[in-house]
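Here, each number is a calculation from the coordinates, and none is a lab measurement. Because the structure is a prediction, the values reported are computed rather than measured. Neighbour counts are summed over all protein chains in view; Cβ atoms, including those assigned to glycine, are modelled from backbone coordinates with ideal geometry.
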Amino acid sequence: MKMTFRWFGSNEEKIQLADIRQIPGVTGIVGMIMDIPAGEVWPVDRIKALRKEVEDSGLTLKVIESVNIHDDIKIGKPTRDKYIENYKTTIRNLASQGIEVICYNFMPVFDWLKTDLVYHLPDGSNTMAFFKKDVIDSPEELIAAVENSSEGFTLPGWEPERLAQVKTLFAEYINVDEEKLRENFKYFMEAIIPTCEEAGVKMAIHPDDPPFSIFNLPRIVKNREDLDWIVSAVDSPSNGITFCTGSIGTDPNNDIYELIATYTKRDRIPFAHIRNIKFLSSEDYYESAHLSKEGSFDMYKVMKAFHDNGFSGYARPDHGRMIWGETGRPGYGLYDRALGITYLHGLWEALEKSKK
Ligand SMILES: [Mn+2]
């Protein structure tokens with residue numbers, strides 16, 4: 001396991017690379033370039049500059065999260081071929097700078113969804129939460145609510161250029177059901193995987209968050225059946241999964257320990273998001289501290305499933321709470337993610353040593 005920390009770039013962050021460097025056991029950054037719209041080529045010089053900045057701080061840049069997929073690819077419009085060619089160029093450009101893993105998702109219109117970005121916990125900290133009853137019927141209203149509580153930060157997956165087109169996009173997805181979305185996924189993967197194999201890059205799809213349909217949009221990364229289909233759609237080690245416990249695990253029917261074991265064994269998890277959540281009902285939850293007893297997952301079992309099946313990929317603690325008065329981009333503070341990392345390392349060390 002190679003432990004990393006997501007960082008949005010010096011123009012986007014209060015958190016300094018020098019601070020991340022001091023978290024024990026963190027070797028690398030999960031990077032991104034936020035101002036490149038989906039569909040455009042990532043220029044080599046931009047990637048090189050980011051890499052230099054990260055490496056100058058004593059960290060590595062091996063994982064990018066995310067290179068977003070243009071909606072024309074997901075919808076299957078004739079223009080998709082142009083965007084697929086751009087994506088292939090981006091893959092080559094990233095590989096030329098040492099990138100090994102690209103995290104992405106295949107969710108229509110927008111990315112992850114929480115209904116409360118500042119949910120207060122009894123200990124005085126706050127965190128993100130999801131209450132199914134609060135999923136507002138109109139996407140516009142929901143977007144306004146998210147924007148109002150994002151503390152002024154651009155949230156990954158909720159970029160302004162994307163939100164501006166929401167209405168148009170909804171209309172374009174009217175004829176895209178799950179079957180059609182799968183077809184379009186396969187078309188995309190068949191086109192890019194040879195490039196990935198050649199360049200030595202692994203694609204790692206992030207599960208849908210939440211793992212069920214919202215606003216009647218199709219979802220194809222929700223459960224074991226979906227994951228099985230995805231990894232078989234194009235059978236290549238470059239077609240992998242970002243195993244996110246806090247997304248796929250929010251459906252209580254998904255046995256995350258079994259899923260981790262299955263896909264680690266098959267060498268299809270190049271990247272993992274490891275966090276805990278606390279269920280308040282079978283549908284509602286908040287993102288708890290990482291500790292098993294603070295949430296609903298057995299984090300020892302999570303780490304054991306990775307460990308015992310030979311996980312050697314990149315991992316990050318995913319989200320954290322806001323603690324000690326920290327403010328910033330919801331889910332992405334410094335302190336609680338650092339605590340999470342240290343705890344995950346503790347579990348890992350115990351697993352390593354008890355093996356002998
Ligand atoms: Mn995640």
Point-to-point label distance, Ala18-Trp229, nm (Cα→Cβ direction, 7 Å offset) = 5.0
Which value, in Å³ per residue, describes the convex hull spanned by the Cα atoms of the range 2-355?
-> 125
Estimated 222 nm signal from helices in the chain, with DSSP H stretches of n ≥ 4 weighted -39500 (n - 2.57), rounded to 500 = -11500 deg cm²/dmol
Which net charge results when you count Lys and Arg as +1 and Asp and Glu as -1 among the other residues whose beta-carbon is under 11 Å from that of Phe131?
-> -1
Once fully extended, how much extra length lies between Ile174 and Thr27, figured as 0.36 nm per residue of separation less the alpha-carbon to alpha-carbon distance?
-> 48.5 nm
Rounded to 5, the percent of DSSP beta bridges in the chain classed as antiparallel = 25
Qualifying lysines (Cα of each under 26 Å from Cα of Lys14; at least 8 residues distant if same chain) = Lys2, Lys48, Lys52, Lys62, Lys114
Cα-Cα pairs above 26 Å in the range 235-356: how many percent?
-> 20
Non-local amide H neighbours of Gly333 (under 5 Å, H modeled in plane, Pro and chain starts lacking H): which ones?
-> Gly320
Under unit Cβ charges (Lys, Arg +1; Asp, Glu -1), what dipole magnitude, rounded to 20 debye, does the chain have relative to its Cα centre?
-> 1060
Which cross-chain or sequence-distant (5 or more) residues have an amide H under 5 Å from the amide H of Val30, H modelled 1.01 Å from N in plane?
-> Phe5, Arg6, Trp7
Cα lying deepest toward the dipole's positive end in the chain, options Asn126, Pro270, Val44, charges on Cβ = Pro270
To the nearest 0.05, the calculated FRET efficiency linking His120 and Ala144 through their beta-carbon distance, R0 being 25 Å, is 0.70
Full extension from Glu349 to Asn11: what is 0.36 nm times the residue separation minus their Cα-Cα distance, to one decimal in nm?
-> 118.1 nm
A correct fewest-to-most ranking of Cys196, Cys244 by other Cβ atoms within 10 Å would be Cys196, Cys244
Sorting Trp348, Trp112 on the 10 Å Cβ count, fewest up front, what's the list?
-> Trp348, Trp112
Scalar couplings 3J(HN,Hα) for the range 15-26 by Karplus 6.51 cos²θ - 1.76 cosθ + 1.60 (θ = phi - 60°), nearest whole Hz, x for Gly and Pro, are 6, 8, 4, 4, 6, 5, 4, 8, 7, x, x, 7
Listing Ile15, Ile323 by rising number of other beta-carbon atoms within 10 angstrom, fewest first, gives Ile323, Ile15
Work through the residues other than Asp284 whose Cβ is under 13 Å from its Cβ and net out their charges, Lys, Arg +1 and Asp, Glu -1.
-> -1
Using a simple charge model, +1 on the beta-carbon of Lys and Arg, -1 on the beta-carbon of Asp and Glu, nothing else, what dipole does the range 224-296 show about its Cα centre, in debye to the nearest 20?
-> 320
Put +1 on the Cβ of every Lys and Arg and -1 on every Asp and Glu Cβ in the chain; which of Phe188, His70, Met299 then has its Cα farthest towards the positive end of the dipole?
-> Met299
